[in-house]
Amino acid sequence: MSNEKVLKVENVTMQFGGVIAVDNMNLEVNKGEIVSLIGPNGAGKTTAFNVITGVYAPTNGAVYYKGEKIIQNHPQGKMKKLYRGENPVMYTGHKVLAPTPDKITALGIARTFQNIRLFKSQTVFENILIAKHLRRTSNVFTATFRLNAKEEAQMRAEAEELLKIVDLTDVRDELATSLPYGKQRHLEIARALATKPELLLLDEPAAGMNPQETLELTEFIGRIRDEFGLTIFMIEHHMDLVMEISDRIYVLDFGKPIAEGVPEEIRNNPRVIEAYLGGAQDE
């Protein structure tokens, strides 16, 4: 694996009123890695993903993508008095950076969700094609006068090729919601791939899957990492999947990282056993 940092989360705190959901988080994901984020129910994992992908602006801290600072904030307004996290003035005076999710995706960061969010009234092919339009260069004028026909044809061809790669060609024209649950998960990942990401965030991709589907998903994630040259950051509670596929693992408890290491280190870490592996189910 490369030592090039694709993602760096620096001193990120996410506070809602008086509740700290993510507490001074620091983590890194290197190019080509599959890194998992685990922790008990309510540990702040999905909140962390929402900060990284622009759904929430952090209360404090910064996020870097490929060495460039893309997100930054500090306690402001009423939060100056409410703030209970660390480093309250570290980023004061620095420019606030709060890109929207579409801007984050355009940078090369794509994600899936714990609850599948496909375009329900669209076919499998249309779900992929809609995502491809993120990279379009045409505008209203060129579309009106059909000056974008070549680009549209190229996007359709790329969508067809992606369906082949992820083994969904046979259900190309079916409504996305008519697919078996496992294939819906594959489609959601394929739709994320259609945006041409370098960093893919997967939020509990095995949620709701049976053991056989989970085994197939494990192979699928490893395959797309290699075929697309991806870096993958994943939230997951299926420990067999996490231990099988992860290069490194971070563990959250009450919003704060408590451990980081390779799977064997995490498996044998007493704090992890107490907080997660021997405790409650993940969120």
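Quick note: the coordinates plus some simple rules give every number you see, no bench work behind them. This one's a predicted model, so the numbers in the text were calculated from it and none came from an experiment. Positions of Cβ are generated from backbone atoms using ideal geometry, with glycine treated the same way; all protein chains shown enter the neighbour counts.
Here are the numbers for this structure:
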read-out	value
Which of Thr169, Thr47, Thr195 has the fewest Cβ neighbours within 10 Å, and the rest in rising order	Thr169, Thr195, Thr47
Per-residue ³J(HN,Hα) for region 103-111, Karplus 6.51 cos²θ - 1.76 cosθ + 1.60, θ = phi - 60°, Hz, x for Gly and Pro	5, 5, 4, 5, 5, x, 10, 10, 8
Contour excess over end-to-end distance, with Cα ends at Arg267 and Leu215 and 0.36 nm allotted per residue	16.8 nm
Top positive-direction residue, dipole computed over the chain with Cβ charges, set Leu241, Phe119, Pro40	Phe119
Gain in span if fully extended, Leu82 to Arg223, counting 0.36 nm per residue against the direct Cα distance	46.2 nm
Sorted peptide list for 23-36, 261-274, criterion being average Cβ within 10 angstrom, highest first	23-36, 261-274
The chain - mean residue ellipticity at 222 nm from DSSP helices (-39,500 (n - 2.57) per run, n ≥ 4, rounded to 500)	-9500 deg cm²/dmol
Efficiency of FRET from Cβ geometry, Ile165 and Val55, R₀ 30 Å, rounded to 0.05	0.60
Backbone HN-Hα couplings from phi across region 158-171 [Karplus 6.51/-1.76/1.60, Hz, Gly and Pro as x]	5, 5, 4, 5, 5, 4, 5, 4, 9, 6, 10, 4, 5, 10
DSSP-defined antiparallel bridges as percent of all bridges, the chain, nearest 5	60
Cross-link pairs Lys69/Lys120; Lys95/Lys132; Lys31/Lys69 - those with Cα-Cα distance over 28 Å	Lys69/Lys120; Lys95/Lys132
When the convex hull of its Cα atoms is projected in every direction, mean area for the chain (nm²)	16.4
Ranked list, fewest to most other Cβ atoms within 10 Å of each Cβ, for Lys80, Lys5	Lys80, Lys5
Extension gain, Thr100 back to Glu68 (0.36 nm per residue minus Cα-Cα distance, nm)	9.9 nm
Aspartates and glutamates with Cα under 16 Å of Lys45, excluding same-chain neighbours fewer than 8 positions away	Glu10, Asp23, Glu28, Asp203, Glu204, Glu236, Asp253, Glu260, Asp282, Glu283
Residues with amide H under 5 Å from that of Asp253, placed H, sequence gap 5 or more	Ile258
Cα-based shape type of region 93-133, given that a ≥ b ≥ c are square roots of the gyration tensor eigenvalues and the cut on a/c is 1.5	prolate
Karplus (6.51, -1.76, 1.60) ³J(HN,Hα), θ = phi - 60°, over region 77-83, in Hz, Gly and Pro reported as x	x, 4, 5, 4, 8, 7, 4
